[in-house]
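Chemist: Next up is a structure, given as C-alpha cells.
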Amino acid sequence: ESLGNPHLQALLKAFLDDAAFLQAYCKAPAAKSMHHVYLGGLLEHSLAVADLADDICRRYPELDRDLLVAGALLHDIGKVDELRYVRTFDYTDEGKLLGHIVMGVEMIDEKLRGLESFPRPLALLLKHLLLSHHGQYEYGSPKRPKTMEAVVLNFIDDLDAKINGVRTHIEKEPDSDSAWTSYHRLYDRYFFKPQSPAEPTDTPNEEQEREAVMAPAPPPRPAARPKNDKKPSFGFSLADQLKGKSLDLFAANPEKEEGDDR
C-alpha cells in the first residue's frame, strides 16, 4: 500500500492474492547454503532488502522508490520453485536447469498477462532488476545492472546476504574459546568474533553515598605558581619558544660529565 505506482501495486497484489505462491514465499529458505538457510529465510531476506531500499531512497530521492521496493520484494521469487525444502534443502530439476532468476522473470510475465494495462517500459525495468541483481556474469547474472535502481538492488541484496551469512557463521560457535571462527569455505576466510560486552560497574549504594557526603573536606590546594606572561614569539625556533617558557630543557645538566652522550 505504500507504493504510489498503481501498476506496481496491482502486480504485487496479484502475487499476494495467489495463495499457493504466498504460502511458498513465506516458507521457503533464501538459499541452500550461503545465507538465510532456514524456513522463512526468503521472506526475511526480501523484506530486509525492501527496507534497505526504502532507507536508501530517502538519501537519494532521484531513485524510483516504487520500482526499487517492488524489485526488492520480487527479486528472489523464483526461489519458491528453485529450492526443495520439505525434508532437506536442495535444488529442484527446474532450479538446476533454469535457476531462480529466469524462473522469477517467467513468474512476472505470467502475472503481467492478467494486467493488460501494465506499461511495457515499466515491465522492462522491473524485469531488468531481476535479471541483473547478481551483478556480474560470473555470479550467475544474465545481465549486469544498467539502471540506478538495478545498481542499488545488486548492492543491498549482497549486503543483506553477507551480513546474515557472516552472523550465522559466528553464532554457530558461541562456546569456542578462540577469538576466531572456524574457516568459512564459501567466504574463504576466518572471522573475528565480537568480544563479550564489559561487565557493568557497580553503582554506589545509599550508605556509600552518605559516607561520601559526611567525609571531611580535603585540605586546600597550595596556591598556583604565577604564570609567565611572556608569550612565545612564533618567529623564533621551537627551541627558543621552549626557552621562553622557562622549561630549562636546554640548561646545562650539572650531573652529566663531559663526554657522556647517553
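Chemist: K162 - would you say it is over 30 Å from L63 (Cα atoms) and either under 20 Å from the mean Cα position of the chain (by Cα) or of a type in the set (A, V, I, L, M) (or both)?
Modeler: No; evaluated as a whole, the condition is false for this residue.
Chemist: Need pairs with beta-carbon distance below 7 Å; first residue under 11 Å from L68 (Cβ atoms) and of a type in the set (S, T, N, Q) and within the range 144-157, second part of a helix (DSSP H, G or I) and modelled with pLDDT of 95 or more; sequence gap 6+ or separate chains.
Modeler: T147/L125; T147/H128
Chemist: Another question, if that's okay. Where residues in the range 92-104 are farther than 10 Å from D81 by Cα and surrounded by fewer than 20 Cβ atoms within 10 Å (Cβ to Cβ), which of them is modelled with the lowest pLDDT?
Modeler: Going through the qualifying residues, I end up with K96.
Chemist: Right, here's the next one. Are there any pairs, at least 6 apart or on different chains, whose C-beta atoms fall under 7 Å, with the first in the range 1-18 and under 14 Å from D64 (Cβ atoms) and the second polar (S, T, N, Q) and surrounded by 12 or more Cβ atoms within 10 Å (Cβ to Cβ), and if so, which?
Modeler: Going by the 7 Å Cβ cut-off, the qualifying pairs are L3/Q9.
Chemist: List every residue pair whose Cβ atoms lie under 7 Å apart, where the two residues are 6 or more positions apart in sequence or sit on different chains, the first residue falls within the range 28-54 and is more than 16 Å from L129 (Cα to Cα), and the second residue, located anywhere, is of a type in the set (D, E) and surrounded by fewer than 20 Cβ atoms within 10 Å (Cβ to Cβ).
Modeler: Short answer, once both residue conditions are applied: K32/D90; H36/E44.
Chemist: Between G95, G104, which is touching a Gly at 6+ places or on another chain (Cβ under 6 Å) and part of a helix (DSSP H, G or I)?
Modeler: On the way: G95 fails: touching a Gly at 6+ places or on another chain (Cβ under 6 Å).
From the options G95, G104, the qualifying one is G104.
Chemist: Condition first: of a type in the set (A, V, I, L, M, F, W, C), in contact with a strand residue (DSSP E or B) (Cβ under 9 Å, 6 or more places away or on another chain) and surrounded by fewer than 18 Cβ atoms within 10 Å (Cβ to Cβ). Can you find one or more residues in the range 122-136 that meet it?
Modeler: Keep residues of the range 122-136 that are of a type in the set (A, V, I, L, M, F, W, C), which gives 122-126, 129-131.
From what's left, in contact with a strand residue (DSSP E or B) (Cβ under 9 Å, 6 or more places away or on another chain): none.
No: the range 122-136 contains no residue that is of a type in the set (A, V, I, L, M, F, W, C), in contact with a strand residue (DSSP E or B) (Cβ under 9 Å, 6 or more places away or on another chain) and surrounded by fewer than 18 Cβ atoms within 10 Å (Cβ to Cβ).
Chemist: Name the pairs whose Cβ atoms lie under 6 Å apart, with the first residue in the range 61-88 and farther than 17 Å from D158 by Cβ, the second part of a loop (DSSP other than H, G, I, E, B) and polar (S, T, N, Q), and 6 or more positions between them or separate chains?
Modeler: D66/N5; R84/T92
Chemist: Mind listing whichever residues of the range 171-181 are part of a loop (DSSP other than H, G, I, E, B) and under 22 Å from the mean Cα position of the chain (by Cα)?
Modeler: K172, E173, P174, A179, T181, listed by residue number.
Chemist: Can you name the number of the only condition in (1) of a type in the set (D, E, K, R); (2) within 22 Å of H36 (Cβ to Cβ); (3) in contact with a Ser or Thr (Cβ under 9 Å, 6 or more places away or on another chain) that K143 fails?
Modeler: Answer for K143: the failing condition is (2).
Chemist: When you go through H184, H100, H128 one by one, which is the residue that is in contact (Cβ under 8 Å) with a residue 12 or more places away in the chain and farther than 16 Å from D76 by Cα?
Modeler: Within the list H184, H100, H128, the selection yields H184.
Chemist: Could you say whether any residue in the range 163-170 is closer than 22 Å to L52 by Cβ, in a loop (DSSP other than H, G, I, E, B), among the polar types (S, T, N, Q) and touching a residue at least 24 places away in the same chain (Cβ under 8 Å)?
Modeler: Checked against the condition, which is being closer than 22 Å to L52 by Cβ, in a loop (DSSP other than H, G, I, E, B), among the polar types (S, T, N, Q) and touching a residue at least 24 places away in the same chain (Cβ under 8 Å), the range 163-170 yields no hits at all.
The values are calculated or read from the model by the stated rules, or taken from the named source; none is laboratory data. Given the structure is predicted, the values throughout are model-derived calculations rather than measurements. Note that each Cβ is placed from the backbone with ideal geometry, even for glycine, and that neighbours are counted across all protein chains shown.
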